[in-house]
1. Between the alpha-carbon centers of region 495-557 and region 133-162, tell me the distance in whole angstrom.
2. Under 19 Å between alpha carbons: how many lysine pairs meet that in region 120-214, if sequence neighbours fewer than 8 apart on the same chain are excluded?
3. Using only the alpha-carbon atoms of region 120-214 as identical scatterers, what base-10 log of I(q)/I(0) does the Debye formula give at q = 0.14, 0.20, 0.25 Å⁻¹?
4. If the chain between E192 and L61 were fully stretched, how many nm would it gain, using 0.36 nm times the residue separation less the Cα-Cα distance?
5. For region 185-253, state which GluC sites (Glu not before Pro) are in a DSSP loop and have at most 13 other beta carbons lying within 10 Å of their beta carbon.
6. Take the alpha-carbon centre of region 350-388, take the same for region 191-266, and report the distance between them in whole Å.
7. Do any chymotrypsin sites (Phe, Trp or Tyr not before Pro) in region 49-140 lie in a DSSP loop with no more than 14 other beta carbon atoms within 10 Å, and if so, which?
8. Relative contact order for region 120-214: what is it in percent, counting Cα pairs under 8 Å that are at least 6 residues apart?
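Laboratory data are not the source of any read-out in this text; all were calculated from the coordinates shown. The shown structure was predicted, so the numbers you read here are calculated from the model rather than taken from an experiment. Note that each Cβ is placed from the backbone with ideal geometry, even for glycine, and that neighbours are counted across all protein chains shown.
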Amino acid sequence: MNTIKLNKSGAFQNSRVFGTLRKMRLSKALMQLFWTAGPVTAIGLTLGYYIGYGKMPPTELMIYFISFTVFSGLTGLIAKLVYDTTRGHLSKTRELDMKFVCGELGSLVLDIRNLQVEAYEGSESKREAALQLIRRVELSSYGVYLAFTDLTKDRKTGLILGRIHTYRKAGLFSYVNNMQNRFSPYISGQYEQLKASSPDAALLLNQHFGEVKRQSLRQGVVREPYFIQRIFAAVEKEDPWLITLKDAEEFIILCIELISDREFPILYFSYRGNWSVAEAFDSLERKRLALNMARAKGSNRLFALAAYLRESGVCDETRIPKGLKPEALAEHLFDELDQLAQSVRQDVAARKSTGELKEKKLVLKNGLKLYELAQQGYAQVKKAQEQYAAAIQRWDKESRKNPVVYRFIGSRWMRKGIDVRERTLSLSDEHKDELIRHLNWYFRHDGIAALLKTTKAQTADDDKNESDYYERCETVRRLVIETALVLSPMIGLSKPEVQRNLNSTKAIYLGELSPDQTAYQKQQLFEQLVTDTDNNTGLAAERMAHTMLNVYQIPLDDEAIQFLHLNYGASVENLKIMAEKAEETGGSTGLFQYDQSAANLQSVNLKPVPGSWRKVLR
């Protein structure tokens, strides 16, 4: 029997060797080597030897140095040839993988934004699109007019905001101030109308109208609060629906920043001195962070449930407005779930189509699960409060026995006290390669890109398939969870202090991102945006100062305020307000702050789940 043997590796290896030789330009390299080993070495050796010994060097010494230079150079050339042939191509592969991943991440951000708008219909879809434009894109005056016209359904409001934007961009702030005084009653009326249906939209209207000067979005965009906490809550509970699409977008942007070599400033504090005081300090900080996490769990799960009900089409933003406080949101969510349960009960009694009924039951089942997770989150708060109160009492006791030298930054001659420090958080080259390999595998082999590309075609045809929409959302959430687990050991993403500092930074501005850009253009855009983004630690410094002042009773005097302002960009006005409030309360203690937070938490009271909800799911 005749057989055919295919051998690719030999030819491939030969082409790689010849390719390496072409890149090295061997003739040029050899010419440089022999020129250096011959005349250059001879002249250098002769002059050096004559200056040192006052005579010409021996012939044997001349031959030795020339031979040494030639053989050393040839050894270096051979080593470089071997490396470029065997391992050097990997650097090229890494560059190609990074370019591919940057292109896919950019497309994924656009696809997630499209999914967020796709969850709404009619006028609500128009409002969501307008909200995204205002938050994420540096609009022209006409763009501002269109966005606010769609947002408020009022052409006059759009014209007013567009004109204000035009004069603001021209630097005519006195005229902007005059227009604000002139149209303030009209915009206030629009604000009150919009506030009832969409508090988030009303807040944006108030901000764009009320500010004389506005910081450019190109210097950074405010992040979605607590998006990292919700992602790890989804990991803990094995429930991806705890992650909203907005959280997924924020996390993908964070990945883009890390891959593009952004360095995040991290502020943290520690105690030096007596071991018992240090232990009490660390315990108090752990319990305080645990209490904050417990508080976030309940409210974040309520927000996730609200987003899920909107995405599933059970309700729209008019019935569950964005921007509600957890107390009011809990009431709305309970009513929506109760109405959904009644609708399922009526459909069962009327024996309606099984497909529609099955869809409603699935939404009710997932909604009930999220509601119960929120109940569990608030149940954990009481235990965290008790532990935090005990930690405060221990800190007060130890700090009185061993008075702490309070300072905001360590003076080198002071060895005891609370020390505030700064470090940077970024990915090392090894970790960045690992993250790129992880994302590259998902985009090439897991079908994420193909799934989202089919989405665009279906959306263009206005043929919205609910089950397909859920599949796309589920795929995005699964990618976010898997990537978060990869990032966590690299940068300590699960640590509360890291999450707190990342939430205090601004995200890069991606308003210039478009679907028709190539992967290379997106990569260059990301690198430029990372350079342009404001890395100011002002907000992080203010939050840290609030904690140090109200929990640890560290005095915020003028010297400390100036230091935080000059070194970290904290607002002098905000810091003075903090200090004045502390003085008004008569030097409030950490326990007083704990009592205040406890009172706020007790106001969120989730109703028990009626047995009728579970009954209709059987």
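1. So the separation of the two Cα centres works out to 27 Å.
2. Going through region 120-214 pair by pair, I get 6.
3. -0.45, -0.93, -1.43
4. 37.8 nm
5. Listed in order of number, the matching sites are E211, E238.
6. Comparing the Cα centres of region 350-388 and region 191-266, I get a distance of 24 Å.
7. Sites meeting the loop and neighbour criteria: none at all.
8. Reported as a whole number, the value is 21 percent.
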